[in-house]
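Read the structure below first, then the notes.
Taken together, the values in this text are just the output of simple stated rules run on the coordinates, not laboratory data. Keep in mind it's a predicted model, so treat the numbers as computed, not measured. Cβ atoms come from the backbone with ideal geometry, glycine included; neighbour counts cover every protein chain shown.
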């Protein structure tokens, strides 16, 4: 498949969110990435159900919800009901990760597993067939605008190899510091979905930047 662009709402203009969401809906982006931070799992706090519901009203595109929070299992159904198409949870801090992934699938959403930069890719081996989307963090989670960690390229390649060997249908998503300068390298390593926040919204023409990212081959 050709790669998917998933702009992050975290970098949008919240004084004019409807305008930005409508712009994304008309753009070449297939997904909209939605970062939820609780101030506990990560030091930052972002937004929750009301903003997700508002986002859902203005787009028919796939909404990809990334939960950076403790006890995500308490809120899975609420996020699905608020408009999430995919829900990703962190491997770190969740002991019963397989049951959470199964819970996400049971409520009708795509199940994503997120790995922080210091977490070995090998942890996916025994649960790969329960992961629809493997989200590899290329920065430490919690804040936008960070620089891409170069070793992420090796991590993407390692994950791709595991997916091939197991015959899993898992797709690889990469989040953090991804933009026009490194997108080709990330795609060539095996990424299927590129999350881009400040690299899109901090440009003069975000829709044009999305097109540039989409048309990299």
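Within the set of pairs 6 or more residues apart or between chains, which connect a residue that is in contact (Cβ under 8 Å) with a residue 12 or more places away in the chain inside the range 134-150 to a residue that is surrounded by fewer than 18 Cβ atoms within 10 Å (Cβ to Cβ) and not in a loop (DSSP other than H, G, I, E, B) with Cβ atoms less than 6 Å apart?
Close Cβ pairs satisfying both conditions: 144/198; 145/198.
Please verify whether the range 193-200 includes one or more residues that are closer than 26 Å to residue 42 by Cα, out of contact with any strand residue (DSSP E or B) (no Cβ under 7 Å at 6 or more places or on another chain) and buried (at least 19 other Cβ atoms within 10 Å of the Cβ). Before you say what the answer is, go through the steps one by one.
Filtering the range 193-200 for residues closer than 26 Å to residue 42 by Cα gives 193-200.
Then drop every residue that is not out of contact with any strand residue (DSSP E or B) (no Cβ under 7 Å at 6 or more places or on another chain), which leaves 198-199.
From what's left, buried (at least 19 other Cβ atoms within 10 Å of the Cβ): 199.
There is at least one residue in the range 193-200 that is closer than 26 Å to residue 42 by Cα, out of contact with any strand residue (DSSP E or B) (no Cβ under 7 Å at 6 or more places or on another chain) and buried (at least 19 other Cβ atoms within 10 Å of the Cβ).
Which of the residues spanning the range 66-79 are within 14 Å of residue 109 (Cα to Cα) and out of contact with any strand residue (DSSP E or B) (no Cβ under 7 Å at 6 or more places or on another chain)?
Listed by number, the residues that qualify are 73, 75, 77, 78.
Of (1) outside any helix (DSSP H, G or I); (2) buried (at least 20 other Cβ atoms within 10 Å of the Cβ), residue 145 satisfies all except one. Which?
With (1) outside any helix (DSSP H, G or I); (2) buried (at least 20 other Cβ atoms within 10 Å of the Cβ) applied to residue 145, the lone miss is (2).
Condition test on residue 117, is it touching a helix residue (DSSP H, G or I) at 6+ places or on another chain (Cβ under 8 Å), surrounded by fewer than 20 Cβ atoms within 10 Å (Cβ to Cβ) and either touching a residue at least 40 places away in the same chain (Cβ under 8 Å) or closer than 12 Å to residue 141 by Cβ (or both)?
Judged against the criteria, residue 117 is a match.
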